[in-house]
Amino acid sequence: MTIDRSIREIMTRDVVAVTLATPVSDVARLLWKHKLTGVPVLEGRRVVGVVTEYDLIARQSEWDAPLYVVFLDAFLRVPGSGDEEQLRRILATTAGQLMSAPAITLKPDATVQDAATLMYERRVNPVPVVDDAGELVGIVSRSDIVRLMASEEAGQGDE
């Protein structure tokens, strides 16, 4: 049954990853070249964040600047105006500046159901798989889960 299986069985072990200093243009090229939706950002072997297609697209989107009003010779920012997180992404030049952090991760013994629930509730994809020291051992994506479901539906088992 799909949900009881360990993500260790479906995760990718040979992970494309970047460092904090990797230029954003190199991250985009890696995602495109390897047909990935995201890459872990490493500091040594520890996962410190993830850069996804969403992060890259947010960097190219139009930014609504904050609104300010003058009150008693002071400039006050109108609450709810401007998006500082989007501005951070727009100005990013490295993976460390662009990444979503801290990284949402799973352990290798997590189940496929754990991974699916995490991806659905937190709206993350892909999810790095780390050991107890936080070091990268693999990565799991929505497509890994869908591929498992399709192979089981077709009666092919572990393909």
**Fill in**
Result of the Cβ filter at 6 Å on the stretch 115-127, keeping first residues that are touching a residue at least 40 places away in the same chain (Cβ under 8 Å) and partners that are charged (D, E, K, R) and open to solvent by 20 Å² or more (accessible area, probe 1.4 Å), at least 6 apart or interchain, is Asn125/Arg142
**Message:** Among (1) modelled with pLDDT of 95 or more; (2) within 15 Å of Asp4 (Cα to Cα), there is one condition Glu152 misses while meeting the rest; what is its number?
**Reply:** (1)
**Complete:** Filtering the stretch 117-147 for residues that are within 18 Å of Asp4 (Cβ to Cβ) and open to solvent by 40 Å² or more (accessible area, probe 1.4 Å) leaves a count of 4
**Glu121 being acidic (Asp, Glu), within 26 Å of Lys35 (Cβ to Cβ) and either at pLDDT 95 or above or within 20 Å of the chain's Cα centre (by Cα) (or both)** = yes
**Prompt:** Can you name every residue in the stretch 22-39 that is closer than 15 Å to Arg89 by Cα and open to solvent by 50 Å² or more (accessible area, probe 1.4 Å)?
**Reply:** Pro23, Ser25
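The values are calculated or read from the model by the stated rules, or taken from the named source; none is laboratory data. All of these numbers come straight from a predicted model, not from anything done at the bench. Methodologically, a virtual Cβ is constructed for each residue, glycine included, from the backbone with ideal geometry; neighbour enumeration extends over all protein chains shown. For accessibility, only protein heavy atoms count, side chains too; no ligands or nucleic acids. Shrake-Rupley method; radii C 1.70, N 1.55, O 1.52, S 1.80 Å.
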